[in-house]
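See below for the structure under consideration.
The values are calculated or read from the model by the stated rules, or taken from the named source; none is laboratory data. Keep in mind that this is a model prediction, so the values were computed, not measured. Neighbour counts run over all protein chains shown; Cβ positions are idealised from the backbone, glycine included. Note: accessible area is taken over every heavy atom of the protein model, side chains too, but ligands, DNA and RNA are not part of it. Shrake-Rupley method; radii C 1.70, N 1.55, O 1.52, S 1.80 Å.
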Amino acid sequence: MISIPIGLRNAIETGNCVLFIGAGVGSHFRRVDGSNAPNGRELCELLCKKFGITYEDGFSLAQISEIVEKRNNRQVLENFISSQLSNLTPDESFCYLSKMRWKSIFTTNYDNCIERAYQLNSSPPQKPISYSITSDVKSTHPLIDVPIYHVHGYFLSGENPNIIITKSDYAKFRYRRKM
């Protein structure tokens, strides 16, 4: 049994805790066929196979994505990544997170599995409100809403998902954050 420090447990129980979700939770997401969502390495391999790139250990998703974008175009890259991450369903363990109140949720994931967990919950304590760029952020009511900030973009955010995936994207992102 994991022992959670009393201060953290109190913050979670009172809804005064911020949740951060990163790429490691992908093993809790299932495709329509029941297989796991691809992790970063598998996504690299899928991109290489689809676009005829020789995969070598040590290549990052940002590097492979940069190659795909330069050889094709941004829309082709985003469409492929979106196709690999769409229609995912979170498992019961992940859905448990939607039963608690959060001050806000931050994620580096591009998918909608957090939002999907709330949809699958028959009585969620809060309504998820998703954002992918700062200019879209609106005031929310902490007892009713939970803002979900997709730090690296979000495929369901509309016309421009603002995905940060290539080496160039990360360089621009770091430059803007520094300002």
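In this structure, the residue pairs whose Cα-Cα separation is over 23 Å, taken from K103/K172; K127/K172; K103/K127; K50/K167; K49/K172; K49/K70, are K103/K172; K127/K172; K49/K172. As a rough guide to protection, the peptides 139-148, 111-120, 31-40, 93-102 ranked by mean Cβ packing within 10 Å, highest first, stand as 111-120, 93-102, 139-148, 31-40. Dividing the summed helix terms, -39500 (n - 2.57) for each DSSP H run of n ≥ 4, by the number of residues in the chain produces a 222 nm estimate of -11000 deg cm²/dmol to the nearest 500. Normalising the average separation of contacting C-alpha pairs (under 8 angstrom, six or more residues apart) by the number of residues puts the relative contact order of the chain at 23 percent. Legend: translational diffusion of the range 87-179 by Stokes-Einstein, Rh = Kirkwood radius over C-alpha pairs, 25 °C, 0.890 mPa s; D = 173 µm²/s.
Return one quarter of the surface area of the convex hull spanned by the alpha-carbon atoms of the chain, equal to its mean projected area, in nm². Mean projected area for the chain: 12.6 nm², to one decimal. Per residue, the range 89-174 exposes 53 Å² of accessible surface when a 1.4 Å probe is rolled over the protein heavy atoms with every protein chain present. Can you give the local net charge around N121? Use residues other than it whose beta-carbon is closer than 14 angstrom to its beta-carbon, Lys and Arg +1, Asp and Glu -1. My count for the surroundings of N121 gives +1.
Surface composition of the range 78-126: carbon and sulfur make up 46 percent of the accessible area, probe 1.4 Å.
Summarising the label geometry, the points placed 7 Å from Cα in the beta-carbon direction at K103 and K172 lie 3.2 nm from one another. Of all DSSP-defined beta bridges confined to the chain, some 20% are antiparallel rather than parallel.
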